[in-house]
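Data first, discussion second: the structure below is written as structure tokens.
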């Protein structure tokens with residue numbers, strides 16, 4: 001098992017900032033340009049619309065950049081506060097694989113305890129064939145909720161590797177404020193204590 005300390009490396013962070021800039025800057029530019037075009041503050045005709053279009057693009061770039069710095073910084077701070085060295089995280093998803101000294105069947109039997117580890121979580125399914133527990137965490141002010149999969153494949157009789165993955169319910173989540181990383185970290189502590 002390879003442990004990667006700290007938050008995501010620069011490449012994924014850069015992509016995350018670019019997604020945030022586009023997701024906030026493009027709608028801002030469209031709305032800003034539409035508002036000025038409808039307000040009629042510039043002379044009518046192609047020259048006025050061209051000025052509005054250029055100004056909207058420039059405003060969208062500045063707004064998108066500012067929002068990516070603010071929201072991306074919040075995401076990074078949330079991940080740094082939450083990250084255990086074995087947890088890998090990116091906005092909307094976090095995961096970890098933990099070796100535990102108990103068989104997979106015992107991990108599955110303690111599914112209700114796993115749900116009790118997290119606030120607002122409930123156990124939604126247990127699949128003994130694939131060795132999977134599914135938890136659902138309710139909505140909070142930071143998140144629309146998370147779906148957590150705990151996989152303990154029945155490979156060995158005395159020990160197993162438990163993989164914990166927490167995903168935001170909304171698949172296009174760009175900022176989760178480290179909520180998924182904290183979920184995985186708490187469940188990793190639960191798995192190690194089995």
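Coordinate-derived values only; no laboratory data. Keep in mind that this is a model prediction, so the values were computed, not measured. Ideal geometry is used to build each Cβ from the backbone, glycine not excepted, and the neighbour counts take in all protein chains shown.
Stretched out straight at 0.36 nm per residue, the stretch from residue 142 to residue 122 would grow longer than its current Cα-Cα span by 5.4 nm.
Go ahead and run the numbers for FRET between residue 55 and residue 77, Cβ-Cβ distance against an R0 of 30 Å, rounding to 0.05. The value I calculate is 0.35. Going from the fewest other Cβ atoms within 10 Å to the most, the residues 140, 166, 68 appear in the order 140, 68, 166. Going from the residue with the fewest nearby Cβ atoms within 10 Å to the one with the most, 185, 74, 79 rank 74, 185, 79.
Give me the log10 of I(q) over I(0) for the chain at q = 0.13, 0.19 Å⁻¹, as the Debye formula computes it from C-alpha points; what are the numbers? Results for the chain at q = 0.13, 0.19 Å⁻¹ read -0.72, -1.18. Length gained on full extension, residue 159 to residue 109: 16.5 nm, using 0.36 nm per residue less the C-alpha separation.
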